[in-house]
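Dumping the structure here so I can ask a few things about it.
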Amino acid sequence: MQKFKSKIDLWFTILVGILFTLILIRLAYDQNWVGFIFILIVVSYVVYSFLTTFYVIEGDKLKIKCGYFFNFLIEIKDVQKVSETFNIISSPALSFNRLEILYNKFNTLLISPKDKNRFLKELKRVNPDIKIVLKK
């Protein structure tokens, strides 16, 4: 079993932190305690998601975990292509330096493993037919 943590962009973390801090300050200033508590719950979920986003290659399967709700399993034999992308679409990736996984002909998923080279090497070890497309 190989576990890969998600890469986390520092600027993204700072941006999210500033945004939530400003919202909480405003809600406290307005004494909107229901909104304040709601945003604290959202912040706790975001922090939990940051701490629990990872990818596991176990046997011939790729498990993707992000927070409470996102648990995904892909058969590595079904992966046709992995390519670098900077797509900003919502995904279990905490960095915009991402890998797009194409599997089952038309399905895609974006992830951001911290050790991209080791991750790709492990995928290729399981399925040597995967096409890898890296940007220069």
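The values are calculated or read from the model by the stated rules, or taken from the named source; none is laboratory data. Remember, it's a predicted structure, so these values are computed and weren't measured experimentally. For neighbour counting, all protein chains shown are included, and Cβ atoms are generated from backbone atoms with ideal geometry for every residue, glycine included. Note: accessible area is taken over every heavy atom of the protein model, side chains too, but ligands, DNA and RNA are not part of it. Shrake-Rupley method; radii C 1.70, N 1.55, O 1.52, S 1.80 Å.
Dividing the alpha-carbon Rg of the chain by 2.2 N^0.38 Å yields what?
Rg over 2.2 N^0.38 Å, computed on Cα atoms: 1.23.
Next question. Mind listing the long-range amide H neighbours of Leu94? Cut-off is under 5 Å, sequence gap 5 or more, other chains count too, H placed in the peptide plane at 1.01 Å from N.
When sequence neighbours closer than 5 places are left aside, the close amide H contacts are Lys7, Ser112.
Can you list the trypsin sites (Lys or Arg not before Pro) in region 16-109 that are in a DSSP coil and have 11 or fewer other beta carbons within 10 angstrom?
The qualifying sites are Lys105.
Further, regarding this structure: How about region 46-113: which chymotrypsin sites (Phe, Trp or Tyr not before Pro) there lie in a loop by DSSP and see at most 14 other Cβ atoms within 10 Å?
Tyr68, Phe69, Phe86, Phe106
Between Asp9 and Lys121, how high is the FRET efficiency from 1/(1 + (r/R0)^6) when r is the Cβ-Cβ distance and R₀ = 30 Å? Nearest 0.05.
Once rounded, the FRET efficiency stands at 0.80.
Rounded to the nearest 500, what is the 222 nm mean residue ellipticity of the chain from helices alone, with -39500 (n - 2.57) per DSSP H run of 4+ residues and division by all residues?
-12500 deg cm²/dmol
Here is a follow-up. To the nearest 10 degrees, how steeply does helix 33-51 sit against the main Cα axis of the chain, on a 0 to 90 scale?
Approximately 20 degrees, to the nearest 10.
Could you provide, to the nearest whole Å², the per residue accessible area of the chain with probe 1.4 Å?
Normalised by residue count, the accessible surface of the chain is 64 Å².
Can you send over the carbon and sulfur percentage of the accessible area for the chain, probe radius 1.4 Å, protein chains only?
64
In the Gaussian network model of the chain, springs joining C-alpha atoms below 10 Å, which of Leu62, Leu51, Leu94 carries the largest mean-square fluctuation?
Of Leu62, Leu51, Leu94, the most mobile in the Gaussian network model is Leu51.
With axes computed from alpha carbons, what is the tilt in degrees of helix 116-126 against the longest principal axis of the chain, rounded to the nearest 10 within 0 to 90?
For 116-126 against the chain, the angle is about 40 degrees.
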